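Working notes, beginning with the structure itself.
The values are calculated or read from the model by the stated rules, or taken from the named source; none is laboratory data. None of these values were measured; they are calculated from a predicted model. Every residue, glycine as well, gets a Cβ built from its backbone with ideal geometry; the counts of neighbours run over all protein chains shown.
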Amino acid sequence: IKARPCGGDLAAGERFLKTLVPFVWRKHLDFAAIQDAHDMRLRIREHRGLNGRVTVEGHNMKLGQGGIREIEFFTQTRQLIAGGRDPHLRDRTTVGGLSVLAAKGWVPPEVAAELTTLYRAHRELEHRLQMVGDAQTHNLPVTAEGVARIAAFCGESEAAFRTGLLERIARVDTLTDGFFAPAEAEAGPELSEAAAKIVAGWIHYPALRSERAQAIFRRLRPQLLKQLDRAANADEALRALDGFLAGLPAGVQIFSLFEANPTLIELIIDIAGTSPGLARHLSRNAGVLDAVIGGSFWTAWPGTASLRADLVKALDEVPDYEKKLDTARRWVKEWHFRVGVHHLRGLVDAFEAGKSYADLADAVVGALWPVVVAEFARKYGPMPGRGAVLIGMGSMGAQRLNAGSDLDLIMVYDAAGVEDSAGPKPLATRPYYARLTQAMVTALTAQMPEGRLYEVDMRLRPSGRQGPVATSLQSFTSYQEDEAWTWEHLALTRARVLAGDPDLAGEVEAFRRDLLQRKGKGSTVRADVASMRERLQAAKPAKGSWEAKNGAGRLMDVELCAQMAALIAGSPARGVERQIAAGAVAGLSQSDQTALLDAYRLLWRLQCGARLLTEGPLEMDSLGEGGRAFLLRETGEPSAEALTARLETVTGLAEAVIAAQMEQEA
């Protein structure tokens with residue numbers, strides 16, 4: 001932490017220290033450093049025979065109990081814990097380190113101020129000892145006469161000097177020892193035979209392979225079991241926690257994190273008992289818990305612009321392309337986890353969560369696009385012509401995603417007559433943009449050490465799976481004018497440019513608006529949509545009474561009707577609510593709109609909540625008490641039976657409205 005180049009080739013020294021940064025400043029909160037520092041303190045004390053009662057004679061002001069080194073260890077260990085995430089904490093000085101730790105909320109300001117005062121007093125005494133002895137020493141004199149001489153040098157009587165020194169030493173020991181010394185393991189609650197069997201099996205999990213992990217977990221286990229005992233369904237929560245522990249590849253870091261932050265135990269029990277899917281994600285990506293104690297986890301949602309700026313800054317700090325992609329994955333996971341936890345705990349509802357997930361995806365696509373383009377241009381030259389735009393379709397275009405959403409994307413480019421790129425490895429225009437599209441998809445979907453960002457679906461491009469992955473502007477416009485089916489015009493009602501050349505983006509949007517105003521007036525629109533609806537319902541029937549997405553009167557059905565209404569009305573609106581409102585022009589009465597909106601809002605709450613709890617079909621019996629309680633709170637219903645009845649009512653009314661709309665004559 002304190003190292004700096006001070007002689008010779010200073011630039012080479014700086015480069016060397018820069019290479020050490022990831023080894024010193026870990027990317028995840030390094031709470032295991034607390035135990036390491038505590039072990040070092042004990043070894044120093046044992047080596048120097050300092051484990052007895054403190055006496056003034058011969059006391060070592062640097063390495064002794066309550067001495068300078070313990071203040072330094074306290075400061076540097078706190079810096080190590082979070083300095084990988086926050087470069088502001090990487091101050092080389094002890095006083096500066098304490099100051100920034102207090103400013104960032106890692107040390108109480110009053111503790112930092114007191115330790116600073118004690119540190120300066122210790123250092124002043126150390127300097128006076130060295131001045132008297134004209135040698136580098138940290139030890140007080142071993143005789144009473146020598147102590148009296150130092151006291152006089154400090155301007156105090158011997159008695160006052162002794163009292164003040166011992167008080168300062170004791171105070172340093174008190175302030176630092178509570179941070180370092182692990183608490184003794186508490187007694188846990190009595191366990192049932194079945195629970196005891198599950199707990200006994202934990203020792204065989206990968207996270208508890210090492211003796212160090214086992215030692216930390218022995219202290220942690222009683223707290224975990226006490227929190228489980230308070231859960232609404234303790235047995236259910238225990239099984240969920242068991243699944244979380246089984247999925248952890250290692251334990252020292254995360255167990256140290258829990259031990260240093262007991263409030264996280266309550267959170268992990270809450271997650272494990274409510275959302276097994278989120279708990280599984282957490283066990284594979286335990287580093288996301290860093291964000292919970294990083295300071296801003298519980299603050300208001302920052303919005304797309306702030307998110308994108310934050311990610312751009314993080315990417316700019318990483319020179320290597322693949323490391324940029326991994327950085328983006330780590331960043332997204334933390335924010336994605338935050339949205340899920342806020343939704344799970346009722347801090348936001350399904351609609352706020354849906355917008356937050358969409359903001360996050362917008363920020364990622366917007367921040368990664370120039371990174372991918374620059375890397376591709378390095379090999380094949382800049383984009384020929386005017387460049388390209390990336391267009392979000394479906395839920396991405398409408399800016400409403402859930403925890404498990406993929407991204408529907410298409411790319412449109414305008415080569416402006418340029419036939420080849422100009423780079424080290426020139427490419428013809430069509431393969432250039434096709435390969436650039438694939439590079440962007442790979443940047444989002446590739447499985448890397450930090451996982452993947454999103455699944456990407458490009459089937460909504462012109463000609464679907466059969467068409468090229470990137471489409472020229474001329475081909476795109478002519479296809480939409482002359483060849484596209486009605487369902488492709490429906491998809492265009494939700495299209496939104498996410499990244500790329502601003503002028504080209506404006507042109508694409510202007511074309512979209514003009515096309516919708518003209519194509520919605522076709523005589524076969526309703527009949528085409530009705531035919532499409534029949535095929536969709538045959539291919540994707542509802543699975544159970546709690547199905548939110550597929551089936552008559554459910555999400556896809558309502559969205560289809562809303563898109564049809566927007567197309568017929570020639571409206572540029574993308575969101576379902578605004579498309580339904582625009583449908584007044586297309587013959588949707590106020591009561592029709594109310595029926596569709598009632599169904600949509602309930603179904604979205606159910607769908608968004610369900611995707612947070614499980615990746616599979618929603619089966620209430622398998623959700624567990626916590627999951628059921630979450631969905632009932634989200635939908636505002638007192639019981640599962642009440643929710644079932646309300647679903648049947650609203651979907652029935654919506655189905656009747658949709659069927660009537662499809663049957664109207666042009």
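Which is in the same structural domain as Ile71 (by TED's automatic domain parsing), part of a helix (DSSP H, G or I) and without any contact (Cβ under 8 Å) to a residue 24 or more places away in the chain, of Thr137, Thr117?
It is Thr117.
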Residues located in segment 65-83, provided they are farther than 22 Å from Leu166 by Cα and out of contact with any Leu (no Cβ under 7 Å at 6 or more places or on another chain) = Gln76, Thr77, Leu80
Of the criteria (1) surrounded by fewer than 16 Cβ atoms within 10 Å (Cβ to Cβ); (2) modelled with pLDDT under 90, which one Glu450 fails = (1)
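Matching residues to (1) of a type in the set (Ser, Thr, Tyr); (2) touching a strand residue (DSSP E or B) at 6+ places or on another chain (Cβ under 6 Å); (3) in the same structural domain as Val365 (by TED's automatic domain parsing):
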| site | (1), (2), (3) |
| --- | --- |
| Val469 | no, no, yes |
| Glu488 | no, no, yes |
| Thr493 | yes, no, yes |
| Gly500 | no, yes, yes |
| Asp514 | no, no, yes |
| Arg533 | no, no, no |
| Gly544 | no, no, no |
| Met556 | no, no, no |
| Gly570 | no, no, no |
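A quick yes/no check of all residues on (1) within 22 Å of the chain's Cα centre (by Cα); (2) surrounded by 18 or more Cβ atoms within 10 Å (Cβ to Cβ); (3) touching a residue at least 40 places away in the same chain (Cβ under 8 Å); (4) within 30 Å of Glu625 (Cβ to Cβ):
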| position | (1), (2), (3), (4) |
| --- | --- |
| Ala374 | no, no, no, no |
| Lys379 | no, no, yes, no |
| Gln399 | yes, yes, yes, no |
| Ser405 | yes, yes, yes, yes |
| Ala443 | yes, yes, yes, no |
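Picking from Gly58, Gly66, Gly105, Gly96, which residue would you name as being assigned by TED's automatic domain parsing to the domain that holds Phe161 and either touching a helix residue (DSSP H, G or I) at 6+ places or on another chain (Cβ under 8 Å) or surrounded by 18 or more Cβ atoms within 10 Å (Cβ to Cβ) (or both)?
Gly66
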Residues within segment 639-666 that are of a type in the set (Asp, Glu) and either more than 26 Å from Glu625 (Cβ to Cβ) or not assigned by TED's automatic domain parsing to the domain that holds Leu606 (or both), tallied = 3
Which residues, counting only those in segment 560-596, are in a helix (DSSP H, G or I), buried (at least 19 other Cβ atoms within 10 Å of the Cβ) and in contact with a Ser or Thr (Cβ under 9 Å, 6 or more places away or on another chain)?
-> Ala562, Gln563, Met564, Ala565, Ala566, Leu567, Gln579, Ala581, Ala582
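For every residue, the table says whether it meets (1) β-branched (Val, Ile, Thr); (2) in contact with a Ser or Thr (Cβ under 6 Å, 6 or more places away or on another chain); (3) within 27 Å of Ala428 (Cβ to Cβ).
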| site | (1), (2), (3) |
| --- | --- |
| Glu450 | no, no, no |
| Thr477 | yes, no, yes |
| Leu490 | no, no, no |
| Thr493 | yes, no, no |
| Ala510 | no, no, no |
| Lys519 | no, no, no |
| Lys543 | no, no, no |
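Which one of these is small (Gly, Ala, Ser), assigned to a helix (DSSP H, G or I) and either farther than 25 Å from Arg518 by Cα or modelled with pLDDT under 90 (or both): Ala484, Ala434, Ala422, Ala491? Spell out how you get there, then give the answer.
Working: Ala484 fails: assigned to a helix (DSSP H, G or I); Ala422 fails: assigned to a helix (DSSP H, G or I); Ala491 fails: either farther than 25 Å from Arg518 by Cα or modelled with pLDDT under 90 (or both).
The unique qualifying residue is Ala434.
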